[in-house]
Each structure stands twice: as structure tokens, then as C-alpha cells.
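See structure below.
The values are calculated or read from the model by the stated rules, or taken from the named source; none is laboratory data. Computed from a predicted model, the values in this text were never measured in an experiment. So basically every Cβ, Gly included, is an ideal-geometry build from the backbone, and we count neighbours across all protein chains shown.
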Amino acid sequence: MIDKKLYKIAKYLTENNLTISTAESCTGGLLSSRFTDISGSSGFVKLNFVTYANEAKEEILFVSKDILEQYGAVSRECAYAMAEGLHKRTNCDLAVCTTGIAGPTGGTKDKPVGLMFVSVYFKGNVAVKKVLLNPVIPRKIMKFLFTQKAIDFAYEVISL
């Protein structure tokens with residue numbers, strides 16, 4: 001079953017001849033998979049990346065080493081840079097990026113398991129949202145919920 005907001009985003013992109021690209025860290029390609037589950041997605045999905053390692057964020061998305069060292073990969077600043085870089089790399093109309101900690105290990109007091117930043121580039125602007133989910137949620141479900149929050153935010157940004 002396809003989420004209604006996901007379907008509406010796909011319909012909007014198709015009807016307006018627009019493209020989407022994703023760059024994912026904590027969601028590991030699941031966001032891309034959800035978009036490509038839609039029949040006809042080859043008409044609007046442009047190029048997707050799983051940029052799990054910091055080096056991938058630097059090399060593929062042009063996230064500066066300074067941002068990664070000063071704020072970390074799981075930060076508003078990194079998410080913002082990911083969206084800008086993804087647009088620059090792909091020239092997509094809509095860029096959606098995720099970076100966070102899906103757990104069950106790896107969190108800290110300042111950056112707990114369940115923390116994600118999602119960024120959306122659209123019409124020359126980047127919006128970033130902080131998401132905090134319950135840290136006891138199993139990893140596989142956490143990743144799915146992160147993708148849902150990303151879809152919801154993209155839907156909100158493009159104001160459908």
C-alpha cells in the first residue's frame with residue numbers, strides 16, 4: 001500500500017514534469033525504495049545516493065569537512081549542506097535528504113538514538129526539520145518511520 005502523501009508527491013512531480021533525488025544516511029536507501037515502488041517512477045526519480053560515510057557526504061554531496069568536524073554528520077548544518085549538494089550534483093527539482101541515528105546503539109546524550117534531520121530543497125530554498133523518535137523503536141521500524149517523516153516534510157514543503 002502506497003502512502004497517500006507519497007503518491008501525491010509523485011503525482012505532482014509527474015504532472016509538472018519535475019524530478020526528485022534523494023541522499024540518505026540513516027534510512028539507507030529505504031526512502032529511494034519507497035519512491036521507486038510507485039509505477040512510473042522512472043519518469044520523476046532522477047538520481048539517488050546512500051551517503052552513509054562522511055567521505056561519501058563530502059565527495060558526492062560536497063558537504064564540507066568543516067561542517068562534519070564542527071557539527072557532525074547528524075546535524076541541521078549537515079542536512080542543509082546535503083540538500084544543497086544533492087541539488088548541485090543532480091540538478092533535481094526536489095531534493096530530500098536524511099541523516100540521523102537509527103540505533104539501537106550509537107547515540108549520545110546530545111544526539112540520541114531516534115534523532116534525524118531531514119532536509120528538502122525546492123524552488124531554490126532548503127528547509128530542515130529535526131525529528132526525534134522514541135529510542136526503543138527497533139532499527140528496521142525506526143528507518144521506516146524516518147522515511148515517513150521525510151515524506152511528510154517534503155509534502156509540507158511543496159505545499160500539496
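Residues in the range 130-150 that are of a type outside the set (S, T, N, Q) and either touching a Ser or Thr at 6+ places or on another chain (Cβ under 7 Å) or more than 15 Å from Ser25 (Cα to Cα) (or both): Leu132, Leu133, Pro135, Val136, Ile137, Pro138, Ile141, Lys143, Phe146, Ala150.
For Tyr52, the conditions (1) more than 12 Å from the chain's Cα centre (by Cα); (2) surrounded by fewer than 19 Cβ atoms within 10 Å (Cβ to Cβ); (3) part of a loop (DSSP other than H, G, I, E, B) all hold with the exception of (1). Scanning the range 71-111 for residues that are in contact with a strand residue (DSSP E or B) (Cβ under 7 Å, 6 or more places away or on another chain) and among the basic types (Lys, Arg) yields one hit, Arg76. Taken over the range 64-90, the criterion of being farther than 15 Å from Val128 by Cα, free of Cβ contacts under 8 Å to residues at least 24 places away in the same chain and not hydroxyl-bearing (Ser, Thr, Tyr) is satisfied by Lys65, Asp66, Ile67, Leu68, Glu69, Gln70. Among the residues making up the range 9-49, those that are among the hydroxyl-bearing types (Ser, Thr, Tyr) and in a loop (DSSP other than H, G, I, E, B) are Thr19, Ser25, Thr27, Ser39. Summed over the range 123-147, residues that are in contact with a strand residue (DSSP E or B) (Cβ under 9 Å, 6 or more places away or on another chain) and closer than 17 Å to Cys78 by Cα total 8. The set of residues from the range 31-45 being buried (at least 19 other Cβ atoms within 10 Å of the Cβ) and of a type outside the set (A, V, I, L, M, F, W, C) comprises Ser32, Arg34. Residues that are in a loop (DSSP other than H, G, I, E, B) and of a type in the set (Val, Ile, Thr) within the range 55-66 comprise just one, Val63. Number of residues in the range 110-160 that are over 20 Å from Asp3 (Cα atoms) and of a type in the set (Gly, Ala, Ser) equals 3. Just to be sure, is Ser21 of a type in the set (S, T, N, Q), out of contact with any helix residue (DSSP H, G or I) (no Cβ under 7 Å at 6 or more places or on another chain), within 16 Å of Thr99 (Cα to Cα) and at pLDDT 95 or above? So Ser21 does not fit the description; no.
Every test in (1) buried (at least 18 other Cβ atoms within 10 Å of the Cβ); (2) in contact with a Ser or Thr (Cβ under 8 Å, 6 or more places away or on another chain) is passed by Ile20 save one, and that test is (2). Scanning the range 113-143 for residues that are farther than 15 Å from Ile101 by Cβ and assigned to a helix (DSSP H, G or I) gives no hits. Residues considered: Gly28, Gly106, Gly114, Gly72. Of these, the only one that is surrounded by fewer than 23 Cβ atoms within 10 Å (Cβ to Cβ), more than 17 Å from the chain's Cα centre (by Cα) and either at pLDDT 95 or above or not hydroxyl-bearing (Ser, Thr, Tyr) (or both) is Gly106.
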